[in-house]
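Down below is the structure, laid out as structure tokens.
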């Protein structure tokens, strides 16, 4: 009884410490800055923790099972839905102590090799904060070797699924940020390129070229990484779109009709294919509008 009571008090104290040690204001990037840059620069990471699926992460891949179970490694801090990561925040688990550390991303990719040492696999948590001046919809792409479980302000928005390695690892979804400080937290099952190649029975160069190479947000050099892009999003007729054209660098036409090609990003957040549609674009005073027929877009695709 005394042991149970002590454990309860300890858990409460750890949760209080987590709240007391919430990141300083400089760790709260504004959502506007994130959207302008395209990715979060300031991250917090914690792990690795032991795999919580039978046989481990790599074995689950061989059997086409989801590589992530339901163990909450943040339970001592109130659980994954309540934890508020901060640099130096300690976590007590049955496996031993772990600590949250600050990390920086210069290109949208966070390489986590330094956490693993000699380990071949494990679970890592990665989180970032965004301070929104108004409620705002965003379009997010997450790329990982094996998929990610994603939370926004403690609410689950994406989960890891059971599928072959070459069919997972790219997740697209919408996030609506509320006014104030928001937290996005990812739970990542990860494994080294050596063990991934072994699980797929391919060489490491083949893995990097044909599997990791299809995820351009990743460096492709490590199995221990995550890439994330975030953009503003609008909604129209069941579709989401990014209200910024992406330049292709291609110039077409001649003389006064010369123009630069650009890409409009459309995303289907629904659970059914979209109908065929026509998109029309025009520049005032520059001739006839350009029209394109958009083929049906699969659920969760762009």
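Check region 150-159 and report whether any residue there is surrounded by fewer than 15 Cβ atoms within 10 Å (Cβ to Cβ) and farther than 25 Å from residue 239 by Cβ. Looking for residues that are surrounded by fewer than 15 Cβ atoms within 10 Å (Cβ to Cβ) and farther than 25 Å from residue 239 by Cβ, one finds at least one in region 150-159, hence yes. Within region 193-207, the set of residues being in contact (Cβ under 8 Å) with a residue 40 or more places away in the chain and more than 20 Å from residue 55 (Cβ to Cβ) is empty.
Residues in region 38-50 that are surrounded by fewer than 23 Cβ atoms within 10 Å (Cβ to Cβ) and over 27 Å from residue 138 (Cα atoms): how many? Total meeting the criteria: 2. When each of 76, 130, 98 is tested for being surrounded by 17 or more Cβ atoms within 10 Å (Cβ to Cβ) and under 22 Å from residue 39 (Cα atoms), the lone residue that passes is 130. Residues satisfying the criterion are present in region 171-180 (criterion: in the same structural domain as residue 28 (by TED's automatic domain parsing), farther than 21 Å from residue 81 by Cβ and modelled with pLDDT under 95).
Checked against the criterion of being in contact with a strand residue (DSSP E or B) (Cβ under 8 Å, 6 or more places away or on another chain) and part of a loop (DSSP other than H, G, I, E, B), the candidates 91, 140, 124, 160 yield just one match: 160.
The residue list 202, 168 contains one member that is under 17 Å from the mean Cα position of the chain (by Cα) and over 23 Å from residue 79 (Cα atoms), which is 168. Being surrounded by 12 or more Cβ atoms within 10 Å (Cβ to Cβ), at pLDDT below 85 and either more than 24 Å from the chain's Cα centre (by Cα) or not assigned by TED's automatic domain parsing to the domain that holds residue 141 (or both) is true of residue 290.
Screening the candidates 189, 145 for the property of being part of a strand (DSSP E or B) and buried (at least 21 other Cβ atoms within 10 Å of the Cβ) yields one hit, 189. Residue count for region 205-219 under the criterion of being more than 16 Å from the chain's Cα centre (by Cα) and either farther than 12 Å from residue 143 by Cβ or not in a helix (DSSP H, G or I) (or both): the result is 7.
Taken over region 103-155, the residue count meeting the criterion of being without any contact (Cβ under 8 Å) to a residue 40 or more places away in the chain and within 15 Å of the chain's Cα centre (by Cα) is 3. So, in region 58-70, how many residues would count as being closer than 20 Å to residue 211 by Cβ and either within 19 Å of the chain's Cα centre (by Cα) or not assigned by TED's automatic domain parsing to the domain that holds residue 121 (or both)? The total comes to 3.
Each row is one residue, and each column tells you yes or no for (1) outside the structural domain of residue 188 (by TED's automatic domain parsing); (2) under 22 Å from residue 200 (Cβ atoms); (3) at pLDDT 95 or above; (4) in a strand (DSSP E or B).
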residue: 9; (1), (2), (3), (4): no, no, no, no
residue: 14; (1), (2), (3), (4): no, no, no, no
residue: 17; (1), (2), (3), (4): no, no, no, no
residue: 23; (1), (2), (3), (4): no, no, no, no
residue: 32; (1), (2), (3), (4): no, no, yes, no
residue: 46; (1), (2), (3), (4): no, no, yes, yes
residue: 54; (1), (2), (3), (4): no, yes, no, no
residue: 72; (1), (2), (3), (4): no, no, yes, no
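The values are calculated or read from the model by the stated rules, or taken from the named source; none is laboratory data. Here the structure is a predicted model, which means the values were calculated and not measured. All Cβ positions, glycine included, derive from the backbone under ideal geometry; neighbour counts span all protein chains shown.
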